[in-house]
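Handing you a structure now.
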Amino acid sequence: MTSSAHAPQDPAAAQGPDPSGDPAPADVPGADGPPRLTGLVFHGPIGEARAARWVDRLAPVLAAAPDGGRVLDIGCGWGELMLRLLAAAPPARGTGLDLNTEDLARGRANAAARGLSARADFVEADATKADHEPADVVLCLGASQALADNLAEALAALRARVRPGGRVLLGEGFWEREPTPAELAASWPDAAATDHTDLATLVDTAVAAGFRPVWVESADRTEWDDFESGYLADTELWLATHPNHPSAPATRDRLDTHRSAWLRGYRTILGIAYLTLVPSL
Ligand SMILES: C[S@@+](CC[C@H](N)C(=O)[O-])C[C@H]1O[C@@H](n2cnc3c(N)ncnc32)[C@H](O)[C@@H]1O
């Protein structure tokens, strides 16, 4: 396999709208519509133990920065890891960029609840256009498509955004093995073998962009199954109790389509690598 054409990092997103909806307003008459992603702590296959190791690994990088340290979270969603890093490394400050107003609001609310509002900014911005100061820790978890259409360009953008001696934590898809045509056809729309590379090629791409890989790891099956189940669970519970809601047919269709793509398509072929990268001088 050669270069990645940069498929969506979140296969769920490639199915179209979230299974919970994000439906057109007319599809949700009132506040009793399907919930959205309330069953997830992270918007990706990230377990608690792995997140704790990242905090242990990255907080000292912030603590060593003369200005207290800066975090930049590209495609932050609600920025759970950024908030945990800020909590572990005061007085570090963080900026999360995303386009999703609901997720950004969730991030701001979580920051307020943890006493971090003064050090955490959640900014509605297109990361391809946003021009931010380089940071000591740059997070890009499942969101490299927020920077560029292909991985090499996204890595170049990350390289430009990290301070010397800093770290980039990249969460990026790769093929666990060569996908079969049937598996591709059952996955996200237009899934292709060129959507990802294997893990070795992914790391080589990061090295070619001017990084050295400090740590290479990938999501395990439990993290994946927890993520996919958590992605669907709140909406499944809602559907079970609202079978006659006007949104129920479309919601049922979205859930069934997503579950089929996961279980028949990408469950055993798609990996997510987590690369802790240091910029080469
Ligand atoms: C799979 S989610 C990951 C969220 C977060 N990094 C996490 O791990 O919880 C990908 C995120 O990228 C965001 N995104 C996609 N394109 C973007 C862009 N051009 N600028 C900023 N954010 C973008 C989406 O809104 C979404 O929140």
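The values are calculated or read from the model by the stated rules, or taken from the named source; none is laboratory data. Here the structure is a predicted model, which means the values were calculated and not measured. Methodologically, a virtual Cβ is constructed for each residue, glycine included, from the backbone with ideal geometry; neighbour enumeration extends over all protein chains shown.
Table: residues versus (1) over 19 Å from ASP136 (Cα atoms); (2) under 22 Å from the mean Cα position of the chain (by Cα); (3) in a strand (DSSP E or B).
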site	(1), (2), (3)
THR38	yes, yes, no
PHE42	yes, yes, no
ARG50	yes, yes, no
TRP54	no, yes, no
LEU58	no, yes, no
PRO90	no, no, no
GLY94	no, yes, yes
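What's the number of the only condition in (1) within 16 Å of the ligand (Cβ to nearest atom); (2) part of a helix (DSSP H, G or I); (3) closer than 30 Å to LEU62 by Cβ that GLU228 fails to meet?
Here GLU228 clears every test but (3).
Here's something else I'd like to know. Kindly provide the set of residues from the stretch 246-273 that are under 20 Å from THR194 (Cα atoms) and outside any helix (DSSP H, G or I), ordered by number.
Residues satisfying the conditions are ARG267, THR268, ILE269, LEU270, GLY271, ILE272, ALA273.
Which condition from (1) more than 16 Å from the chain's Cα centre (by Cα); (2) exposed (fewer than 14 other Cβ atoms within 10 Å of the Cβ) is the one that ALA135 breaks?
For ALA135, the failing item is (2).
Could you look through the stretch 86-110, keep only residues that are among the hydrophobic types (A, V, I, L, M, F, W, C) and out of contact with any Asp or Glu (no Cβ under 9 Å at 6 or more places or on another chain), and pick out the one that is farthest from the ligand (Cβ to nearest atom)?
ALA89
Tell me, yes or no, whether the stretch 243-255 has at least one residue that is out of contact with any Gly (no Cβ under 7 Å at 6 or more places or on another chain), surrounded by 15 or more Cβ atoms within 10 Å (Cβ to Cβ), modelled with pLDDT of 95 or more and within 14 Å of GLY173 (Cα to Cα).
Checked the stretch 243-255: no residue is out of contact with any Gly (no Cβ under 7 Å at 6 or more places or on another chain), surrounded by 15 or more Cβ atoms within 10 Å (Cβ to Cβ), modelled with pLDDT of 95 or more and within 14 Å of GLY173 (Cα to Cα).
Quick check on the stretch 198-217. Is at least one of its residues within 16 Å of the ligand (Cβ to nearest atom), within 25 Å of PHE42 (Cβ to Cβ) and either of a type in the set (Val, Ile, Thr) or modelled with pLDDT of 95 or more (or both)?
Yes, the stretch 198-217 contains at least one residue that is within 16 Å of the ligand (Cβ to nearest atom), within 25 Å of PHE42 (Cβ to Cβ) and either of a type in the set (Val, Ile, Thr) or modelled with pLDDT of 95 or more (or both).
Taking ASP225 and the conditions (1) within 29 Å of THR194 (Cβ to Cβ); (2) over 17 Å from the mean Cα position of the chain (by Cα), which numbered condition does it fall short on, given that it satisfies the others?
Result: ASP225 passes all but (2).
Can you tell which of SER4, SER20 is closer than 22 Å to LEU155 by Cα, modelled with pLDDT under 95 and not hydrophobic (A, V, I, L, M, F, W, C)?
From the options SER4, SER20, the qualifying one is SER4.
Output yes when any residue across the stretch 127-142 is within 10 Å of the ligand (Cβ to nearest atom), at pLDDT below 95 and among the hydrophobic types (A, V, I, L, M, F, W, C), and no when none is.
Yes; the residues of the stretch 127-142 include at least one that is within 10 Å of the ligand (Cβ to nearest atom), at pLDDT below 95 and among the hydrophobic types (A, V, I, L, M, F, W, C).
Residue-by-condition table, conditions (1) of a type outside the set (Val, Ile, Thr); (2) touching a strand residue (DSSP E or B) at 6+ places or on another chain (Cβ under 9 Å):
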site	(1), (2)
GLY142	yes, yes
ARG163	yes, yes
LEU169	yes, yes
GLU178	yes, no
PRO181	yes, no
THR194	no, no
THR197	no, yes
VAL203	no, yes
VAL207	no, yes
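OK, next. Within the stretch 171-190, track down each residue that is under 19 Å from the mean Cα position of the chain (by Cα) and buried (at least 20 other Cβ atoms within 10 Å of the Cβ).
GLY171, GLU172, GLY173, PHE174, TRP175, SER187, TRP188
To continue, here is another question. So which residues in the stretch 60-85 are in a loop (DSSP other than H, G, I, E, B) and within 16 Å of the ligand (Cβ to nearest atom), if there are any at all?
GLY75, CYS76, GLY77, TRP78, GLY79
Could you list, in sequence order, all residues of the stretch 143-170 that are surrounded by fewer than 24 Cβ atoms within 10 Å (Cβ to Cβ), in contact with a Gly (Cβ under 7 Å, 6 or more places away or on another chain) and small (Gly, Ala, Ser)?
Correct list: ALA146 only.
Can you name the condition, by its number, that THR235 falls short on among (1) surrounded by 18 or more Cβ atoms within 10 Å (Cβ to Cβ); (2) β-branched (Val, Ile, Thr); (3) touching a strand residue (DSSP E or B) at 6+ places or on another chain (Cβ under 9 Å)?
THR235 satisfies every listed condition except (3).
Also: What pairs come up if the first residue lies in the stretch 96-113 and is surrounded by 13 or more Cβ atoms within 10 Å (Cβ to Cβ), the second is at pLDDT 95 or above and in a helix (DSSP H, G or I), and their beta carbons are under 7 Å apart, counting only those six or more places apart or on different chains?
GLY96/MET82; GLY96/GLY107; ASP98/LEU104; ASN110/LEU83; ALA111/LEU83; ALA111/SER117
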